[in-house]
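The next block holds one structure in the form of structure tokens; read it before the comments.
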């Protein structure tokens, strides 16, 4: 699953349209749009709002290690070496308030420019804010909140901030312009998403959901202790390192119900022999 | 799988540089070798290296480099799971963390939260601590346990720096453990009598199956032969000895091939150690690992260390020892 967090509807709109997401009709504090593989939440502006919406979405959809979370939105650039409308993949995100920095793992190839994002608690306008105090290349009001929240759920190679340069720290930006520049970058962002998905698809996993279910069932039916269950999982992985699939005889044990722990132990020893 | 390979950014696509070491000569030397890398400034190496929920197995395919300074605990007492080779004051140090090879059995996967490579550039601080220590007692110091320094020599010439530091220091004996075929990176140096180049050797079957990215046996042997020919002290480490189908034939072949290339009488000593790993490291390795004959083998736990059961352990050790002693005097073979 790919989770997308945006601050404003103007940022979300082109993503909703591009990926054909539908509004999720559920009574919740946040607007959520979802398709088969993508779920998007509109957080509203600010670090806390972004962190809350991220936690909400990732909890609601039971985020797992192989999922991806992206914060997509606009940001103001400090220097004109970054072009308006250009998408920036952030390799460092600084929370201006605490100076704490976060680092996503950039493990896939991509065609975006990279830069440092600095997240502020207020809109940064160059007339009012001395830019020498800004460490990042671009400024926003959500990235750090999103990143810290998403990092509670996902590994750092699966959490990214992608910001499209909308201005040079001037005042308001037109919503239609925001939608336009985000929309234009979606093919690039989609390529990035698909590379991350490929990695997750091909990286060999531990046990499949079906195999995990077999463990749960055996543990319950045979009254296995926590340690024995853990050993069983390990033995199944050991067996699968040498064989394509689990031995057929293992499935026979699914129909057995042990009447006591000692009886379960006898069956467990037989399973051990089978898998070693 | 080709599709997968094309997705990964190249290793060292990003180099994280800790505040305060930007101007260190070694930092500059390393950065010069990666002109296209994205440089990211960080406060402390642990901000990147110790992030929660990193996936070692994913990161291995696109390792990043972290350049930093180590500020405390520069030397450690040699652990019980390692050979002291009869030396009394056994220490080790880690001028770098992690390795460019991806051996399935490697404890680093369980010891570190990240597959990224850290190079500490404050070499002088390490040297100062050692100088202070050898003023009190002679020490035996291994500098390439948590990394493979010789494999990194073209990136950061740490072996050269350490060898030159150790040269003529009578109270310092240095061991550089490696699997690399990178001897040429230090071959211009005169051999130092208190430095031991220690090569880990494994059967071809093991190298092909479990030592991803590491040089094949032939290349390692060629490098060892050159090093011995140049007058270096060379140690052969048959460690870890692994238990697998047809292991006996594999180790027979390994040892006969080794001594068909290397003059046995010129070998300083050799070590044998069956696979062993601290319990907590293995637990961590098992958490993220795909099914693996090594990682998921049902080991026996003894004093918080996982290893083969006593019978297998004895069989492995005795077999390799009996093969080795045909070439090397028994008193030069160290068993753990």
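Out of segment B:19-43, which residues are more than 10 Å from chain A (Cβ to nearest Cβ) and part of a loop (DSSP other than H, G, I, E, B)?
B:19, B:20, B:21, B:22, B:23, B:24, B:33, B:34, B:35, B:36, B:37
Only one residue in A:235, A:254, A:250 is within 14 Å of chain B (Cβ to nearest Cβ), in contact (Cβ under 8 Å) with a residue 12 or more places away in the chain and either more than 21 Å from residue B:296 (Cα to Cα) or in a helix (DSSP H, G or I) (or both), so which one is that?
Exactly one residue qualifies, and that residue is A:235.
Could you pull out the residue among A:196, A:154, A:169 that is within 14 Å of another protein chain (Cβ to nearest Cβ), touching a strand residue (DSSP E or B) at 6+ places or on another chain (Cβ under 9 Å) and assigned to a loop (DSSP other than H, G, I, E, B)?
After ruling out the rest, the residue left standing is A:154.
Would you confirm whether any residue within segment A:19-34 is closer than 17 Å to residue A:180 by Cα and at pLDDT 95 or above?
Within segment A:19-34, one or more residues are closer than 17 Å to residue A:180 by Cα and at pLDDT 95 or above.
I need a count of the residues in segment A:50-80 that are surrounded by fewer than 20 Cβ atoms within 10 Å (Cβ to Cβ) and closer than 23 Å to residue A:179 by Cα.
Matching residues across segment A:50-80 total 2.
I'd like to check something: does segment B:283-296 contain any residue that is within 30 Å of residue A:233 (Cβ to Cβ) and more than 14 Å from every other protein chain (Cβ to nearest Cβ)?
no
For segment A:81-103, how many residues are touching a residue at least 12 places away in the same chain (Cβ under 8 Å), within 14 Å of chain B (Cβ to nearest Cβ) and either surrounded by 24 or more Cβ atoms within 10 Å (Cβ to Cβ) or not in a loop (DSSP other than H, G, I, E, B) (or both)?
10
So residue A:136 passes all but one of these: (1) under 19 Å from the mean Cα position of the chain (by Cα); (2) within 12 Å of chain B (Cβ to nearest Cβ); (3) crowded, with 16+ Cβ neighbours inside 10 Å. Which condition number does it fail?
Among (1) under 19 Å from the mean Cα position of the chain (by Cα); (2) within 12 Å of chain B (Cβ to nearest Cβ); (3) crowded, with 16+ Cβ neighbours inside 10 Å, residue A:136 violates only (1).
Out of A:211, A:148, which single residue is within 14 Å of chain B (Cβ to nearest Cβ), modelled with pLDDT of 95 or more and either touching a strand residue (DSSP E or B) at 6+ places or on another chain (Cβ under 6 Å) or assigned to a helix (DSSP H, G or I) (or both)?
A:148
Among the candidates B:172, B:149, B:158, single out the residue that is free of Cβ contacts under 8 Å to residues at least 60 places away in the same chain and either surrounded by fewer than 17 Cβ atoms within 10 Å (Cβ to Cβ) or within 14 Å of the chain's Cα centre (by Cα) (or both).
Of the residues listed, the single one that is free of Cβ contacts under 8 Å to residues at least 60 places away in the same chain and either surrounded by fewer than 17 Cβ atoms within 10 Å (Cβ to Cβ) or within 14 Å of the chain's Cα centre (by Cα) (or both) is B:149.
Among the listed residues A:63, A:39, identify the single one that is part of a loop (DSSP other than H, G, I, E, B) and in contact with a strand residue (DSSP E or B) (Cβ under 8 Å, 6 or more places away or on another chain).
A:63
Could you tell me whether segment B:199-218 includes any residue that is without any contact (Cβ under 8 Å) to a residue 12 or more places away in the chain and touching a helix residue (DSSP H, G or I) at 6+ places or on another chain (Cβ under 7 Å)?
Yes, that holds for at least one residue.
How many residues does segment A:172-181 hold that are surrounded by 11 or more Cβ atoms within 10 Å (Cβ to Cβ) and part of a loop (DSSP other than H, G, I, E, B)?
Qualifying residue count, segment A:172-181: 1.
Would you please name the residue that is nearest to the other protein chains (Cβ to nearest Cβ), looking only at residues in segment A:214-232 that are in a helix (DSSP H, G or I) and surrounded by fewer than 16 Cβ atoms within 10 Å (Cβ to Cβ)?
Among residues in segment A:214-232 that are in a helix (DSSP H, G or I) and surrounded by fewer than 16 Cβ atoms within 10 Å (Cβ to Cβ), the one nearest to the other protein chains (Cβ to nearest Cβ) is A:230.
Under 8 Å between Cβ atoms, at least 6 apart or on separate chains: pull out the pairs that start in segment A:257-276 with a residue that is within 14 Å of chain B (Cβ to nearest Cβ) and end on any residue that is surrounded by fewer than 15 Cβ atoms within 10 Å (Cβ to Cβ) and not in a helix (DSSP H, G or I).
Listed pairs, sorted by first residue: A:272/B:298; A:274/A:247; A:275/A:247; A:276/B:298.
Which one is nearest to residue A:148 (Cα to Cα) among residues in segment A:104-122 that are touching a residue at least 40 places away in the same chain (Cβ under 8 Å) and surrounded by fewer than 16 Cβ atoms within 10 Å (Cβ to Cβ)?
Residue satisfying both the conditions and the ranking: A:121.
Give the residue, chosen from B:7, B:99, that is closer than 21 Å to residue A:107 by Cα and free of Cβ contacts under 8 Å to residues at least 24 places away in the same chain.
Of the residues listed, the single one that is closer than 21 Å to residue A:107 by Cα and free of Cβ contacts under 8 Å to residues at least 24 places away in the same chain is B:7.
The values are calculated or read from the model by the stated rules, or taken from the named source; none is laboratory data. Just so it is clear, the model here is predicted, and its values are computed rather than measured. We place every Cβ from the backbone using ideal geometry, glycine too, and count neighbours over all the protein chains shown.
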